[in-house]
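As structure tokens, the structure follows; a few thoughts come after it.
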Amino acid sequence: MHGPASSGWLLVALCAATGAYCLARMRSGAEGQRSAAGGEALMGFGMAAMAVPAAVFTPPSWAWPVYAAVFGAAGVHALWAARAGAHHLHHLVGAAAMVYMSLVMAGSPAHAHGRGGSGVPLLTGALLLYFAGYVLLTGVRLVPVAAVAGSGGSAGWGDRPELARACRLSMGIAMVAMLLTL
């Protein structure tokens, strides 16, 4: 998952900032916001940890199965939560992509970060198509966002739909970048 160090650090910063914002969104007054924000925070911090350049830190061999287990549990939670809303299906696909990347990294020889060719091309391609489409759709939806109804323009950080969409857009872009280097 690791390419050049400079782009790796940019990806770490983007994902960590997104994860931090999602933690702030967990303080929202809306239950739906809090629920989605928790999964997105986990995804942001997990992606940040996976994107740390290998020249700086190579995770021990036991870390990849732990990532797979954590995101597998997040996927089960997203599947359960999908009964209430379609957005959780996206969380399920994201968690499945993280499990897939973790398993590929665990199975790669000496954890060959960024050397490519270690994943299943058809599955990697399908995930790339999904996340590229998600990025385009989220980008289009980001443009016309209006102020939160009844907020009088003073919505808290956790209740700003345009920031939540920008957060999701940045994580989608990061996922595309990580899948491209797989």
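Could you please tell me which pairs satisfy a Cβ distance under 7 Å, a separation of 6+ or placement on different chains, a first residue in the range 76-90 that is free of Cβ contacts under 8 Å to residues at least 40 places away in the same chain, and a second residue that is assigned to a helix (DSSP H, G or I) and of a type in the set (A, V, I, L, M)?
Listed pairs, sorted by first residue: Ala78/Leu92; Ala78/Ala95; Leu79/Leu92; Ala82/Leu89; Ala82/Leu92.
In this structure, does Ser28 turn out to be among the polar types (S, T, N, Q) and at pLDDT below 85? So that I can check it myself, show each step before the final result.
On the way: among the polar types (S, T, N, Q): yes; at pLDDT below 85: yes.
Yes; evaluated as a whole, the condition is true for this residue.
May I ask you to verify whether Gly107 is within 13 Å of the chain's Cα centre (by Cα) and either within 26 Å of Trp9 (Cα to Cα) or not acidic (Asp, Glu) (or both)?
Working: within 13 Å of the chain's Cα centre (by Cα): no; either within 26 Å of Trp9 (Cα to Cα) or not acidic (Asp, Glu) (or both): yes.
So Gly107 fails the test.
Go through the residues of the range 27-46 one by one and say whether even a single one is in a loop (DSSP other than H, G, I, E, B), over 18 Å from Leu14 (Cβ atoms) and not small (Gly, Ala, Ser).
The answer is yes, given that some residue of the range 27-46 is in a loop (DSSP other than H, G, I, E, B), over 18 Å from Leu14 (Cβ atoms) and not small (Gly, Ala, Ser).
Would you check if Arg25 is of a type in the set (Lys, Arg) and within 17 Å of Ala166 (Cα to Cα)?
Yes.
I need a count of the residues in the range 141-179 that are exposed (fewer than 15 other Cβ atoms within 10 Å of the Cβ) and either under 19 Å from Ala16 (Cα atoms) or at pLDDT 90 or above (or both).
Total satisfying the criteria: 1.
Yes/no per residue for (1) in contact with a Phe, Trp or Tyr (Cβ under 9 Å, 6 or more places away or on another chain); (2) modelled with pLDDT under 90:
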residue	(1), (2)
Ala63	no, no
Ala68	yes, no
Ala74	no, no
Arg83	no, yes
Leu89	no, yes
Leu103	yes, no
Gly107	yes, yes
His111	yes, yes
Gly116	no, yes
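Against the conditions (1) part of a loop (DSSP other than H, G, I, E, B); (2) under 16 Å from the mean Cα position of the chain (by Cα); (3) small (Gly, Ala, Ser), where does Ala55 fall short? Just the number, please.
(2)
Hey, among the residues in the range 60-80 that are under 13 Å from Leu103 (Cβ atoms) and not small (Gly, Ala, Ser), which one's nearest to the chain's Cα centre (by Cα)?
In this case the residue turns out to be Phe71.
Conditions first: (1) surrounded by fewer than 22 Cβ atoms within 10 Å (Cβ to Cβ); (2) touching a residue at least 60 places away in the same chain (Cβ under 8 Å); (3) more than 21 Å from Ala166 (Cβ to Cβ); (4) of a type in the set (A, V, I, L, M, F, W, C). Ala63 passes all but one, so which condition is the exception?
(2)
The values are calculated or read from the model by the stated rules, or taken from the named source; none is laboratory data. None of these values were measured; they are calculated from a predicted model. All Cβ positions, even for glycine, are placed from backbone atoms using ideal geometry, and neighbour counts span all protein chains on display.
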